[in-house]
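Presented below is the structure to which this report refers.
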Amino acid sequence: MNTSRRTVIAAGLAAGVAATSAGTARATTGRAPTRTLFGTLDDGTPVHLWTLARGGIRLGVLSYGGIVHRLDVPDRHGRLANIALGFDNLADYVAKSPYFGALIGRYGNRIAAGRFTLDGHTHQLPLNDGANSLHGGTKGFDKQMWHVEPFTHGSRTGITLSRTSPDGEMGYPGTLKVQVTYTLTARGEWRIDYAATTDRATVVNLTNHTYFNLAGEGSGPVSDHTLELAAARYTPVDAGLIPTGELARVSGTPFDFRRTKPIGRDLRQGHQQLLYGKGFDHNWVLDKGITAEPEYALTLAEPRSGRVMRVSTTEPGLQFYSGNFLDGTLVGTSGRTYRQGDALCLETQHFPDSPNHPAFPSTVLRPGATYRTSTVHTFSTR
Ligand code: BGC
């Protein structure tokens with residue numbers, strides 16, 4: 001057994017995972033997700049915090065926005081830290097969250113001018129990001145209440161979040177029935193499975209917007225984190241962060257993460273694309289393309305703590321956003337301010353603005369078909 005496996009198990013003891021005398025991890029049977037009251041919305045709706053623990057990992061999720069409120073993961077000495085940015089109270093999530101931990105829908109990232117045409121009908125979405133529509137509009141899935149069902153099956157434990165998005169919600173056609181499952185496994189994995197069906201042709205692109213800092217939220221910049229991204233191309237953007245349509249090669253640019261490198265290494269290069277995004281805020285075209293099962297996309301690592309996160313996905317794209325718009329005005333879960341570059345998002349997705357780019361993989365969902373995507377985050381230490 002290697003060291004990384006051992007540290008996961010040591011921390012697992014604290015997070016509801018038993019170790020046998022032989023040193024192998026065994027999930028504590030019957031340990032179901034727990035529910036506590038987190039806060040109350042202005043209209044009196046209670047918002048619950050669901051806590052799952054398995055494989056040495058602890059995940060806290062809100063019934064509002066499907067928000068990952070915290071994600072506790074062991075370092076190489078087995079010490080847990082919360083590696084997800086968030087707030088310690090509901091009011092801040094409602095009033096000023098830049099999508100911390102949120103479930104994003106119906107459409108992750110931007111749609112140009114908030115407009116697209118499908119089967120001859122043009123649909124207008126709310127503009128909430130300059131001239132464009134971002135992350136599903138002014139009241140996207142991140143600001144909706146979700147019905148939550150817990151489950152525990154053998155070595156896996158999780159919750160299924162569901163809601164029906166009515167026809168025309170945020171300008172999108174079709175009644176969309178959505179189910180998102182967050183699962184922890186005994187192997188140190190956090191898995192997300194998304195599913196949706198519609199009664200009218202529509203577009204869908206769901207993702208999760210967790211801001212990661214593997215040294216712990218509020219611990220400072222992530223510039224020393226190293227990233228390897230299995231992508232030879234990315235989608236360059238215009239000044240409004242809308243893809244131009246080109247699939248550009250990363251070779252010879254700051255966008256080349258095919259060999260692992262610190263995030264901060266090329267972040268300050270005077271490259272026009274980095275000026276547009278105030279850093280990295282781009283969609284990488286994953287070499288593996290769309291796959292039936294999750295396949296390798298990236299590895300993020302933090303040298304001091306030794307924490308490593310590998311991401312596999314069925315999706316063809318990855319939005320790497322280097323926390324450029326965090327500006328020191330938000331106070332996070334443990335009372336520290338979040339400043340520019342204090343976290344990064346790694347959003348598995350279809351490409352931004354796909355409804356207006358027929359050459360991009362399609363985001364159209366039709367009645368009778370089921371939208372299904374999955375992403376797996378695997379934690380270890382080195
Ligand atoms: C986008 C950024 C945006 C951020 C919102 C990211 O997914 O790519 O441009 O500012 O979400 O917090």
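Out of the residues in segment 103-128 that are of a type in the set (K, R) and closer than 13 Å to T363 by Cβ, which is surrounded by the most Cβ atoms within 10 Å (Cβ to Cβ)?
R106
Would you pick out the residues in segment 214-235 that are under 24 Å from N109 (Cβ atoms) and among the β-branched types (V, I, T)?
Answer for segment 214-235, where residues must be under 24 Å from N109 (Cβ atoms) and among the β-branched types (V, I, T): V222, T235.
For segment 369-381, does any single residue satisfy the condition of being at positive phi and modelled with pLDDT of 95 or more?
The initial filter retains those residues of segment 369-381 that are at positive phi, namely none.
Taking every residue of segment 369-381 in turn, none turns out to be at positive phi and modelled with pLDDT of 95 or more.
Based on what the data block shows, is D266 assigned to a loop (DSSP other than H, G, I, E, B), charged (D, E, K, R) and within 16 Å of the ligand (Cβ to nearest atom)?
no
Run T207 past the list (1) away from the ligand (no atom under 16 Å from the Cβ); (2) crowded, with 23+ Cβ neighbours inside 10 Å and report the number of the one that doesn't hold.
(1)
When you scan segment 271-288, how many residues do you find that are touching a strand residue (DSSP E or B) at 6+ places or on another chain (Cβ under 9 Å), within 13 Å of the ligand (Cβ to nearest atom) and in a loop (DSSP other than H, G, I, E, B)?
Here the count works out to 2.
In segment 323-352, how many are near the ligand (Cβ under 10 Å from one of its atoms), polar (S, T, N, Q) and under 14 Å from the mean Cα position of the chain (by Cα)?
1
Can you pull out the residues in segment 131-170 that are of a type in the set (S, T, N, Q) and either part of a strand (DSSP E or B) or away from the ligand (no atom under 16 Å from the Cβ) (or both)?
Scanning segment 131-170 gives N132, S133, Q144, T152, S155, T157, T160, S162, T164, S165.
Please state which one of S374, S362 is closer than 28 Å to G56 by Cβ, surrounded by fewer than 23 Cβ atoms within 10 Å (Cβ to Cβ) and polar (S, T, N, Q). Quick ask: steps written out before the conclusion?
Working: S362 fails: closer than 28 Å to G56 by Cβ.
Going through S374, S362 in turn, the sole match is S374.
Please work out which one of (1) away from the ligand (no atom under 16 Å from the Cβ); (2) among the hydroxyl-bearing types (S, T, Y); (3) under 18 Å from the mean Cα position of the chain (by Cα); (4) under 27 Å from A131 (Cβ atoms) is the condition S362 fails and give its number.
The number of the failed condition is (3).
Which residue, of R200, R249, R233, is surrounded by fewer than 17 Cβ atoms within 10 Å (Cβ to Cβ), among the charged types (D, E, K, R), modelled with pLDDT of 95 or more and out of contact with any Cys (no Cβ under 8 Å at 6 or more places or on another chain)? Outline the logic, then answer.
On the way: R200 fails: surrounded by fewer than 17 Cβ atoms within 10 Å (Cβ to Cβ); R233 fails: surrounded by fewer than 17 Cβ atoms within 10 Å (Cβ to Cβ).
Unique residue meeting the criteria: R249.
Within segment 278-301, can you find the residues that are small (G, A, S) and either at positive phi or under 16 Å from the mean Cα position of the chain (by Cα) (or both)? First the steps, then the outcome.
Step one: of segment 278-301, the residues small (G, A, S) are 279, 289, 292, 297, 301.
Result: G279, G289, A297.
Across segment 106-130, what is the total count of residues that are within 16 Å of the ligand (Cβ to nearest atom) and either of a type in the set (S, T, Y) or assigned to a strand (DSSP E or B) (or both)?
Going through segment 106-130 one residue at a time, the tally reaches 4.
Just to be sure, is G277 within 21 Å of T363 (Cβ to Cβ) and of a type in the set (G, A, S)?
Here the answer is no, as G277 does not meet what is asked.
Answer yes or no as to whether A95 is surrounded by fewer than 21 Cβ atoms within 10 Å (Cβ to Cβ), within 16 Å of the ligand (Cβ to nearest atom) and free of Cβ contacts under 8 Å to residues at least 12 places away in the same chain.
Judged against the criteria, A95 is a match.
Listed residues F325, F351; which is under 22 Å from F280 (Cα atoms), surrounded by fewer than 23 Cβ atoms within 10 Å (Cβ to Cβ) and out of contact with any helix residue (DSSP H, G or I) (no Cβ under 7 Å at 6 or more places or on another chain)? Don't jump to the end; show me each part of the working.
Numbers: F351 fails: surrounded by fewer than 23 Cβ atoms within 10 Å (Cβ to Cβ).
Exactly one of F325, F351 is under 22 Å from F280 (Cα atoms), surrounded by fewer than 23 Cβ atoms within 10 Å (Cβ to Cβ) and out of contact with any helix residue (DSSP H, G or I) (no Cβ under 7 Å at 6 or more places or on another chain), namely F325.
The values are calculated or read from the model by the stated rules, or taken from the named source; none is laboratory data. On a predicted model such as this, the values are computed, not experimentally measured, just so you know. Cβ atoms come from the backbone with ideal geometry, glycine included; neighbour counts cover every protein chain shown.
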